[in-house]
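Each remark here refers to the structure printed beneath this line.
Just so it is clear, none of the values below were taken in a lab; they were calculated from the coordinates. Not measured: the values here are computed from a predicted model. Using ideal geometry, Cβ is built from the backbone for each residue, glycine included, and neighbour counts are taken over all protein chains shown.
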Amino acid sequence: MTINKETNGSSLIMGIEGRLDTATSPELEAELKASLEGIDDLVFEFSNLDYISSAGLRVLLSAQKTMNKQGKMVIRNANDSIKEIFDVTGFTDILTIE
Amino acid sequence: MGETLKKLELEAKTDNLDQVLEFVDSTLEEVECSIKTQTQIDIAVEEIFVNIAHYAYNNVIGNATILVEMNTDPLTISITFIDNGTPYDPLAKADPDVTLSAEEREIGGLGIFMVKKTMDDIKYEYKDGKNILTLRKEI
């Protein structure tokens, strides 16, 4: 997994490439914990995300809960298989997917 | 009768997940399997193997055995996970309420739910001191 961060004032774009799974999710969790202070606009750019497991979903849920308190969070360009996982788990209703 | 049967035995720890996925994927690559189906199978394998690594053995590392069987008519993969750890039936756990809002959602329980939703069949039995969980998915 590769994380590309782009901050612009209180906006943050996190581009995630590769696999968000049991092995890599703790890294994203730590990165978010260190980055979200003062952010009111968070975008996850998923066009190069190939795979997400429940470990990755947990990190997204936790980020959504944080952003509900301080701003908004959007998921962009997730591929079809990842969108289907969001559907199956009810995450489509919790997350804002563009 | 199975057309092919392969076996992998290794320590049940999350560091070995890649090896387990490679083992399953190498079998899937021998047949025409869509990326979507392969992703669903990989997710299921990850959830089950990580569960075993985390919960089957208390603070000691035990082994897990994984059997992969391909059958034809229709083309189906069966993946069986065997461990000698604490008896644990993941299917006994209630499904998470996927209609709740983010605030009400609990973190956890999603893994096995995803497996139930994407596999065609899951069987669990505890036999001769072993947890035996079999996933089946038509390809």
* Surrounding net charge for B:Glu46, when Lys and Arg each add one and Asp and Glu each subtract one, Cβ distance under 15 Å -> -2
* Long-range amide H contacts for A:Asp41: which residues qualify at under 5 Å (H placed 1.01 Å from N, peptide plane, sequence gap of 5 or more or a different chain)? -> A:Leu12, A:Lys72
* Asked: If you put +1 on each Lys and Arg Cβ and -1 on each Asp and Glu Cβ, how big is the dipole of the stretch A:2-94 around its Cα centre, in Debye rounded to 20?
  -> 260 debye
* Want the number for B:Leu100 to B:Lys127: 0.36 nm per residue separation, take away the alpha-carbon distance, what's left? -> 6.0 nm
* **Per-residue ³J(HN,Hα) for the stretch A:79-87, Karplus 6.51 cos²θ - 1.76 cosθ + 1.60, θ = phi - 60°, Hz, x for Gly and Pro** => 6, 4, 5, 6, 4, 5, 5, 4, 5
* How many partner chain Cβ atoms sit within 10 Å of a residue's Cβ in peptide A:12-22, on average, as a whole number? -> 2
* Asked: Shape call for the stretch A:2-94 from the C-alpha gyration tensor, a ≥ b ≥ c root eigenvalues: rounded (a/c under 1.5), prolate (a/b greater than b/c) or oblate?
  -> prolate
* Report the label-to-label distance for A:Ala30 and A:Arg76 in nanometres (one decimal), using points 7 Å from each Cα along the Cα→Cβ vector. => 2.7 nm
* Asked: B:Lys13: which lysines have alpha carbons under 22 Å from its alpha carbon, excluding same-chain residues fewer than 8 sequence positions away?
  -> B:Lys130
* To do: Would you mind telling me the antiparallel percentage of the DSSP bridges in chain A, rounded to 5?
  => 35 percent
* Structure fact -> Packing-ranked peptide list from B:76-83, B:120-127, B:59-66, highest mean Cβ count within 10 angstrom first, is B:76-83, B:59-66, B:120-127
* Quick one: net charge of B:Glu29's neighbours, Cβ under 14 Å, K/R +1, D/E -1? -> -4
* Structure fact -> Here the whole-number average of other chain Cβ atoms within 10 Å per Cβ of A:82-93 is 4
* Asked: Which shape class, rounded, prolate or oblate, goes with the stretch B:3-136 when its Cα gyration tensor gives a ≥ b ≥ c as root eigenvalues, a/c under 1.5 marks rounded, and past that a/b bigger than b/c marks prolate?
  -> oblate
* **Within 10 Å of each Cβ in B:98-105, the average number of Cβ atoms from other chains** => 6
* To do: Would you order A:Leu60, B:Leu75, B:Leu28 from fewest to most other beta-carbon atoms within 10 Å of each residue's own beta-carbon?
  => B:Leu75, B:Leu28, A:Leu60
